[in-house]
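All remarks here apply to the structure that follows.
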Amino acid sequence: MLKYTNIAIIASFFCLWLNSFFPKDIQILIGFSFIFTFGILHGANDLLLITNTRDSENTLSFKKILLYYILVVLSGLLLFYLIPIVALLLFILVSAFHFGDQQGLYFDFKVSKYLLIFYPFIYGIVILFLLFFFHATEVEEIISEIIRFELPYYYINEIFITSAFLFITMSSYFYWKFESIREKIRVELFFLLVFGIIFKTSSLIWGFAIYFIIWHSIPSILDQIKFIYGSFSFSYFISYCKNAFAYWLASLIGIGLLYFLFRDKEIFNAIFFSFLAAITFPHVLVILKMMHQKDSKIA
């Protein structure tokens, strides 16, 4: 059986091949369709994950957990409304660590724990700003709508170059120092090349959808199913979807209401991405708790 990463590479280049058959508007429609399905689905079982972590047993009721989760989402939305530049910065930082962590860049050897945390974080920054780098004009427009003032595009280039330099420097050091992770570093550098080809040859939304669904959401769903049920099977996947349905539907209704209220206004993109960011904040915390629990079980 092929490893998932091999399937992901084939699927990614198949999506790039499809890219040549669809105009940009259709690409955006299909891209958002995947984000609204698998993308939102991979965060829709957060409450079930919380109740399956060791430190949540017999401590908080389901209603309290749900209330806290909703409060975090609403706080994220409020922060985007009151101080959008701070909220956007937090969103980028949190998402970067989440993306880098999902790639499996967490090691256990004798270096500073802060360095081990920083490594997946800087990898996530490289992935995000690699996408932004190839679509700087579009990203600048969206960011300007969110923070309500114009952001010079050269900031994107500078952040990408700086983060790439740091990541390559750290990777070179780890590669030289620790033989056990050399294969992993070679694989991840190859994946970065694949991501670069994807982002360069596709539109912003299409490229993001390919990465977000194939390389982030689906692997996350597989990890979550194995954590919740102990292994992966199609029947477990169906159970996972049934458990997630209510929260997935609630998220779609929320997005639908935003579109209905603001579809004719220039701020819709800002509000839409702010909503996605707000539901990302608690999700990242839940996945970190899940990974800590899984690592504890392995240990």
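The values are calculated or read from the model by the stated rules, or taken from the named source; none is laboratory data. What you are looking at is a predicted structure, and each value in this text was computed from that prediction instead of being measured. Note that each Cβ is placed from the backbone with ideal geometry, even for glycine, and that neighbours are counted across all protein chains shown. Please note that ligands, DNA and RNA were not included when accessible areas were found on the heavy atoms of the full protein model with its side chains. Shrake-Rupley method; radii C 1.70, N 1.55, O 1.52, S 1.80 Å.
If you go through the stretch 211-218 one residue at a time, do you hit one that is at pLDDT below 85, closer than 25 Å to Val94 by Cβ and aromatic (Phe, Trp, Tyr)?
Of the residues in the stretch 211-218, the ones at pLDDT below 85 are none.
No: the stretch 211-218 contains no residue that is at pLDDT below 85, closer than 25 Å to Val94 by Cβ and aromatic (Phe, Trp, Tyr).
What are the pairs with Cβ atoms under 8 angstrom where one residue, in the stretch 166-185, is under 25 Å from Phe129 (Cβ atoms) and the other, located anywhere, is among the aliphatic types (A, V, I, L, M) and open to solvent by 20 Å² or more (accessible area, probe 1.4 Å)? Sequence gap at least six, or different chains.
Correct list of pairs: Met170/Leu115; Ser171/Leu189.
For Phe190, indicate whether it is without any contact (Cβ under 8 Å) to a residue 12 or more places away in the chain and within 25 Å of Leu16 (Cα to Cα). Working first, answer last.
Numbers: without any contact (Cβ under 8 Å) to a residue 12 or more places away in the chain: yes; within 25 Å of Leu16 (Cα to Cα): yes.
Spelling it out, Phe190 is indeed without any contact (Cβ under 8 Å) to a residue 12 or more places away in the chain and within 25 Å of Leu16 (Cα to Cα).
Could you tell me which of the residues Ile125, Ile117 is in a helix (DSSP H, G or I) and open to solvent by less than 50 Å² (accessible area, probe 1.4 Å)? Steps first, please.
Working: Ile117 fails: open to solvent by less than 50 Å² (accessible area, probe 1.4 Å).
Within the list Ile125, Ile117, the selection yields Ile125.
Which count do you get for residues in the stretch 158-213 that are open to solvent by less than 70 Å² (accessible area, probe 1.4 Å), more than 22 Å from the chain's Cα centre (by Cα) and among the aromatic types (Phe, Trp, Tyr)?
2
Return a yes/no flag: does the stretch 221-239 have any residue that is crowded, with 19+ Cβ neighbours inside 10 Å and closer than 25 Å to Leu29 by Cβ.
Yes: the stretch 221-239 contains one or more residues that are crowded, with 19+ Cβ neighbours inside 10 Å and closer than 25 Å to Leu29 by Cβ.
Pull up the stretch 93-114, narrow it to residues that are open to solvent by 30 Å² or more (accessible area, probe 1.4 Å) and assigned to a helix (DSSP H, G or I), then point me to the one that is modelled with the highest pLDDT. Don't jump to the end; show me each part of the working.
Step one: list which residues in the stretch 93-114 are open to solvent by 30 Å² or more (accessible area, probe 1.4 Å), which gives 93-94, 97, 102, 106-114.
Next cut, assigned to a helix (DSSP H, G or I) only: 93-94, 97, 102, 113-114.
Working: Leu93: 87, Val94: 84, Phe97: 84, Gln102: 79, Lys113: 75, Tyr114: 79.
Ranking the candidates gives Leu93 first.
Please indicate, with yes or no, whether at least one residue in the stretch 236-248 is in a helix (DSSP H, G or I) and closer than 30 Å to Glu145 by Cα.
Initial filter on the stretch 236-248 (in a helix (DSSP H, G or I)): 236-248.
If we keep only those that are closer than 30 Å to Glu145 by Cα too, we end up with 247-248.
Yes: the stretch 236-248 contains one or more residues that are in a helix (DSSP H, G or I) and closer than 30 Å to Glu145 by Cα.
So which pairs qualify, if the first residue must be in the stretch 140-165 and closer than 21 Å to Phe80 by Cα, the second must be surrounded by fewer than 13 Cβ atoms within 10 Å (Cβ to Cβ), the Cβ gap must be under 6 Å, and the two must be at least 6 apart or on different chains?
Ser144/Glu150
In the set Leu151, Leu131, which member is outside any helix (DSSP H, G or I) and buried (at least 17 other Cβ atoms within 10 Å of the Cβ)?
Details: Leu131 fails: outside any helix (DSSP H, G or I).
The match here is Leu151.
Which count do you get for residues in the stretch 27-73 that are over 18 Å from the mean Cα position of the chain (by Cα), part of a loop (DSSP other than H, G, I, E, B) and modelled with pLDDT of 70 or more?
The total comes to 1.
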